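Here's the structure, in structure tokens; my notes come after.
None of the figures in this text is laboratory data; all of them are computed from the coordinates on show. Here the structure is a predicted model, which is why all the values come from computation and not from measurement. Counting neighbours? That spans all protein chains shown, and the Cβs are built from the backbone with ideal geometry, glycine included.
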Amino acid sequence: MELFLLLAGQALCLFSLGVLARRDLVRLTRPAVRVDGVVTGYRSTWSEGSGSYAPVYSFTSEGAEHEVVEAVYSSAQQLPLGTVVALRYPAARPDLAQVPRPLMWLTVYALLAGLEALLLAKTMGWLQG
């Protein structure tokens with residue numbers, strides 16, 4: 001049973017890393033384009049009586065108006081409407097525009113890779129306990 005749980009955990013870690021890598025592959029293989037987005041609204045979700053908010057950014061690029069929703073939600077509407085925010089996206093993919101957060105994504109990758117290494121070490125018997 002323990003082996004099954006360890007293998008399932010490893011599979012989940014590897015799957016998560018693969019999904020993230022696939023998402024970021026286009027960002028790493030194409031030149032980045034920088035644009036200024038304007039906060040035009042907020043998308044909200046409610047769970048257990050509390051709200052979470054993500055800003056909606058609008059910007060013009062490649063001859064068209066685009067709108068993207070921030071991937072990171074917060075407990076309050078932190079930026080006032082009309083605030084200008086720097087966004088980046090891979091060339092020819094303005095739908096992937098986001099606020100650059102390299103440290104956050106490096107941390108996510110490091111945590112998943114570290115958990116995978118820990119589960120592998122436990123599966124191989126290198127860790128006792």
Would you mind telling me which numbered condition in (1) in contact with a Pro (Cβ under 9 Å, 6 or more places away or on another chain); (2) closer than 17 Å to M104 by Cβ; (3) part of a strand (DSSP E or B) A54 fails?
(1)
Step by step: first the residues of segment 34-57, then only those that are within 12 Å of Q98 (Cβ to Cβ) and hydrophobic (A, V, I, L, M, F, W, C), then the one that is farthest from the chain's Cα centre (by Cα). Which residue is that?
V35
The number of residues in segment 90-129 that are outside any helix (DSSP H, G or I) and touching a His at 6+ places or on another chain (Cβ under 9 Å) is 1
What is the residue count in segment 1-46 for residues that are among the β-branched types (V, I, T) and free of Cβ contacts under 8 Å to residues at least 60 places away in the same chain?
5
Only one of (1) hydroxyl-bearing (S, T, Y); (2) more than 18 Å from the chain's Cα centre (by Cα); (3) closer than 30 Å to M124 by Cβ does not apply to Y109, and that is (2)
Conditions first: (1) closer than 29 Å to G82 by Cα; (2) touching a Pro at 6+ places or on another chain (Cβ under 6 Å). S47 passes all but one, so which condition is the exception?
(2)
